[in-house]
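> Quick one: the structure is below, and I'll ask about it shortly.
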Amino acid sequence: MRQVVLDTETTGLAADRGHRVIEIGCVELRERRRTGVTFHRYLNPERAIDAGAQEVHGISEEFLRDKPRFREIADEFLDFVRGAELVIHNASFDLAFLDAELELLGGRGRMAEHASVLDTLALARERYPGQRNSLDALCKRLGVDNAHRELHGALLDASLLAEVYLAMTAGQASLDLAADAPGGAESVAAARARSGARVRVLRAGADDLARHEARLDAVAKACKGQPVWRRGT
């Protein structure tokens with residue numbers, strides 16, 4: 001299976017108000033392995049960049065002045081993503097901008113006509129309900145090193161998202177391999193090691209265990225009975 005992990009940077013937050021794409025970064029995965037193949041372009045948006053957006057990505061209008069327009073790289077970009085599954089964090093944002101760029105060209109359709117999409121933000125919210133699921137938060141939770149991420153950047157963020165996605169779905173890979181493995185399903189640890197993701201294991205300390213017991217005491221008092229976690233112990 002071919003997947004393309006994709007991220008963009010833009011002149012602002014609203015594609016429907018004429019904001020444009022200024023950077024596209026893509027990282028290719030095949031069968032859950034990084035191939036080393038990337039697609040990366042800076043783009044001249046032919047408009048001003050909002051100050052707030054520039055604070056996030058650090059890309060200036062002066063830097064982009066001699067860069068190609070989206071129309072000049074559109075065919076190359078579509079050829080790169082065509083037929084792949086796009087892995088995007090908060091996909092609706094990036095797709096809105098890319099669809100707006102394609103609409104300006106006419107006759108190029110929408111991104112959904114060229115590739116399928118997997119939204120890792122939706123996946124993270126399903127896996128970790130009620131928790132922060134920004135890219136930085138997921139990097140911290142899954143042990144992906146993002147210390148070098150001082151500013152947002154499309155290729156940097158696509159690379160980090162590739163690591164996050166592989167770590168977040170490592171257990172799923174082990175289930176997919178179960179039918180092929182003579183000894184049964186591959187362990188989560190083995191799948192993570194095979195994917196190359198760096199995963200940090202956090203163990204509960206004495207203070208954590210004490211707070212957990214105190215919480216169970218409160219549940220027992222409120223319910224006038226022992227919680228299921230304590231039954232049979």
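> Any chance you could check the Cα centroid distance between region 94-169 and region 21-41 for me, in angstrom?
12
> With θ set to phi - 60° and the Karplus curve 6.51 cos²θ - 1.76 cosθ + 1.60, what are the ³J(HN,Hα) couplings of region 95-100 in order, to the nearest whole Hz, using x for Gly and Pro?
In residue order, the calculated couplings are 5, 4, 5, 5, 5, 5 Hz.
> What order do you get for 58-68, 112-122 when each peptide is scored by the mean count of other beta carbon atoms within 10 Å, highest first? Could you put the intermediate results ahead of the total?
On the way: 58-68: 13.3, 112-122: 15.7.
Put in order of decreasing packing, that is 112-122, 58-68.
> Same structure, new question: What is the set of long-range amide H partners of VAL117 at a cut-off below 5 Å, with H atoms built 1.01 Å from backbone N?
So VAL117 has HN proximity to LEU86.
> Only counting other Cβ atoms within 10 Å, I'd like ASP16, ASP7, ASP217 sorted with the fewest neighbours first.
ASP16, ASP217, ASP7
> Provide the net charge surrounding ALA51, with neighbours chosen by a C-beta distance below 15 Å and charges set as Lys +1, Arg +1, Asp -1, Glu -1. Show your work: numbers first, answer last.
On the way: positive: ARG47; negative: GLU9, ASP50, GLU55, GLU61, GLU62.
Computed value for this residue: -4.
> Another one. Would you mind ranking SER159, SER134 so that the residue whose beta carbon has the fewest other beta carbons within 10 Å leads the list?
Ordered from fewest to most neighbouring Cβ atoms within 10 Å, SER159, SER134 come out as SER134, SER159.
> Along region 75-86, what does the Karplus equation 6.51 cos²θ - 1.76 cosθ + 1.60 (θ = phi - 60°) give for ³J(HN,Hα), rounded to whole Hz, x for Gly and Pro?
Ordered by residue, 3J(HN,Hα) equals 5, 4, 5, 5, 4, 5, 8, 4, x, 8, 9, 7 Hz.
> With only alpha-carbon pairs counted, each pair once and no self-pairs, how large is the Kirkwood hydrodynamic radius of region 2-168 in angstroms?
Evaluated on region 2-168, it is 16.2 Å.
> Please state the charge dipole magnitude for region 2-168, taken about the Cα centre, from unit charges on C-beta atoms (+1 on K and R, -1 on D and E), reported in debye and rounded to the nearest 20.
Magnitude of the dipole: close to 480 debye.
> I'd like the Karplus ³J(HN,Hα) series for region 115-131: coefficients 6.51, -1.76, 1.60, θ = phi - 60°, whole numbers in Hz, and an x wherever there's a Gly or Pro.
3J(HN,Hα) across region 115-131, in whole Hz: 7, 7, 9, 10, 8, 6, 5, 4, 5, 5, 5, 6, 6, 10, x, x, 10.
> Once amide H atoms are placed 1.01 Å from N in the peptide plane, what residues at a sequence separation of 5 or more from ARG20, or on another chain, have their amide H within under 5 Å of its amide H?
Residues meeting the amide H criterion: THR11, GLY12.
Every number in this text was worked out from the coordinates using simple rules, so none of it is lab data. Since we're looking at a predicted model, the values are computed, not measured. Glycine also receives a Cβ, built like all others from the backbone with ideal geometry; neighbour counts cover every protein chain displayed.
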